[in-house]
1. Does at least one position in the stretch 28-41 carry a residue that is at pLDDT below 90, open to solvent by 40 Å² or more (accessible area, probe 1.4 Å) and in a loop (DSSP other than H, G, I, E, B)?
2. Take ASN7 and tell me if it is open to solvent by 50 Å² or more (accessible area, probe 1.4 Å) and modelled with pLDDT under 90.
Amino acid sequence: MEYRLGNSLKIKSRGDTVELTCPNCDKKVRFGVFSNFERRLAPKITLFNCNTVYFLVCPECASVYTVDESKGDSFKKGQKLSIGNFDLKTLKQFKEKI
């Protein structure tokens, strides 16, 4: 399976969360938070639509989850409690298997 976590070459580390329970391994861990940009052509005057993709990695089992852009932006501004257990989303598959 193939997943897309933005299309920029630069992935930035945003720090660690408070202790959360990983849905995959059921351990209490501090997830590493990373961000990347996703740029797309858009039919607007600016020509580009730029979104920030935030994703979290479990240090125990290496599972990857994503969160909403608003939650990630709050975390980036220093609000460590903005990301909780119920905010973790599984990745959407980018391409179907051929």
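1. No, that holds for no residue.
2. Details: open to solvent by 50 Å² or more (accessible area, probe 1.4 Å): yes; modelled with pLDDT under 90: yes.
Considered against the rule, which asks whether it is open to solvent by 50 Å² or more (accessible area, probe 1.4 Å) and modelled with pLDDT under 90, ASN7 comes out as yes.
The values are calculated or read from the model by the stated rules, or taken from the named source; none is laboratory data. Quantities reported herein were computed from a predicted structural model and do not represent experimental measurements. All accessible areas refer to the heavy atoms of the entire protein, side chains included, with ligands and DNA or RNA removed. Shrake-Rupley method; radii C 1.70, N 1.55, O 1.52, S 1.80 Å.
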